[in-house]
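Only one structure is covered here, and it is reproduced in the block below.
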Amino acid sequence: MKKIYLLCCVFLPLLASGQQGDDKQDFFQKLSDANIGLRKSYAGSSSQEQKPANFFFNRDVKNNSNFFTADLGLKISERDVFQNTSFNDKVSLVLFPKLEYHRNSDEENKKDAFSAGVNMEFFPVPYKTPVTDGWEIAPWIQGSVDIKNDKVNDLSTMNYSSYLSIFSSKAFLPGGKARAKDGSLVFRYFAYSGYELYSEFEEVKGESSYWSSRIFMELWPIPAKTKEYIQLTFEYNYRKSLKDSLYRSGNLNWATIGLNIYPTGKANIGLGLEYSKGADPTNSFLDTERLLFGLNVKI
């Protein structure tokens, strides 16, 4: 398995550099047009968040060891339930199945988790855009149902979540894009608050539930109309414990800061540096702190 990981880390950059720019962009665009997406994770987040999947191969100098991490969320398809109805311009209910794999071979923070599920994004009213009428600030409801298998902790769970947010196309409001004079994206953020439930697959079930509040921000400090070179990301999630017979960890904090560099100006393949600290939601809320560098891929 380690050989496969290393091959991915070597092969993907070679593939990217070996293709012509237009051909490479066409390849990723075709996947995007087919409603296929690849992100770091879709758990508790919108499909619009630009969090690249990552493959990080790092060295632990203190313990004289190498370790590999991977965080991948694959959106398989996407369907608006109301697309072919007479009121599709007023209501939108998008469903998309997803698969996720999260791996860390570091002995102190080992994880090996796979999950499968469905995400939902519901707009009960239309939101206003420069070319359509609607609400200036629209309510936005999201939810997900997932089956997760954590091999390291020998734990299988059903995970349920439901979040309320607001969405706007106006700059500096949640979801709105702040743009430079040339029209390129400079800043955007999303904010969510809602309920999460994690239930164990056992005769005597352990359950943990939380009221979860989360914010995600992205900043593109070098505006360029047709190029995307540097992306800064920030994510913070606070979970207020409501019931905790499964993880027994009380209230939880999780924060990440990322620097993503795309040398070609196309934000599909690049290099990433990420710092994270707190209760890792991809690793049964294990308390961790790490600084990682590696390859980013985004569709």
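Suppose the filter is closer than 22 Å to ASP287 by Cβ, under 17 Å from the mean Cα position of the chain (by Cα) and among the polar types (S, T, N, Q); does SER161 pass it? Yes; evaluated as a whole, the condition is true for this residue.
Between SER144, SER45, the distinction of being touching a residue at least 40 places away in the same chain (Cβ under 8 Å), crowded, with 20+ Cβ neighbours inside 10 Å and assigned to a strand (DSSP E or B) belongs to SER144 only. The set of residues in the stretch 231-247 that are assigned to a strand (DSSP E or B) and crowded, with 16+ Cβ neighbours inside 10 Å comprises GLN231, THR233, GLU235, ASN237, TYR238, ARG239, ASP244.
Quick one: in the stretch 266-276, of everything that is over 16 Å from LYS227 (Cα atoms) and touching a residue at least 24 places away in the same chain (Cβ under 8 Å), which residue is surrounded by the fewest Cβ atoms within 10 Å (Cβ to Cβ)? Looking at the filtered set, the residue picked out is GLU274. What about PHE285, is it within 17 Å of LEU155 (Cα to Cα), touching a strand residue (DSSP E or B) at 6+ places or on another chain (Cβ under 9 Å) and not charged (D, E, K, R)? Yes.
Residues of the stretch 162-210 being assigned to a strand (DSSP E or B), of a type in the set (Gly, Ala, Ser) and under 20 Å from ALA224 (Cα atoms), which ones? If the condition is that a residue be assigned to a strand (DSSP E or B), of a type in the set (Gly, Ala, Ser) and under 20 Å from ALA224 (Cα atoms), then ALA178 is the only one that fits.
Of the residues making up the stretch 99-124, those that are closer than 18 Å to TYR192 by Cβ and without any contact (Cβ under 8 Å) to a residue 40 or more places away in the chain are VAL118, MET120, PHE122, PRO124.
Of all residues in the stretch 128-140, one or more are surrounded by fewer than 16 Cβ atoms within 10 Å (Cβ to Cβ), under 19 Å from SER212 (Cα atoms) and at pLDDT 90 or above. Has the stretch 22-38 got any residue that is assigned to a strand (DSSP E or B) and at pLDDT 80 or above? The answer is yes, given that some residue of the stretch 22-38 is assigned to a strand (DSSP E or B) and at pLDDT 80 or above. Taken residue by residue, the stretch 215-227 has no member that is at positive phi and either touching a Leu at 6+ places or on another chain (Cβ under 6 Å) or exposed (fewer than 15 other Cβ atoms within 10 Å of the Cβ) (or both).
So that you can scan it fast, the table gives a plain yes or no per residue for (1) out of contact with any helix residue (DSSP H, G or I) (no Cβ under 8 Å at 6 or more places or on another chain); (2) at pLDDT below 85; (3) within 21 Å of PHE114 (Cα to Cα):
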residue: ALA43; (1), (2), (3): yes, yes, yes
residue: GLN48; (1), (2), (3): yes, yes, no
residue: ARG59; (1), (2), (3): yes, yes, no
residue: LEU72; (1), (2), (3): yes, no, yes
residue: LYS75; (1), (2), (3): yes, no, yes
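The values are calculated or read from the model by the stated rules, or taken from the named source; none is laboratory data. Quick caveat, the model's predicted, so the values are computed rather than measured. Using ideal geometry, Cβ is built from the backbone for each residue, glycine included, and neighbour counts are taken over all protein chains shown.
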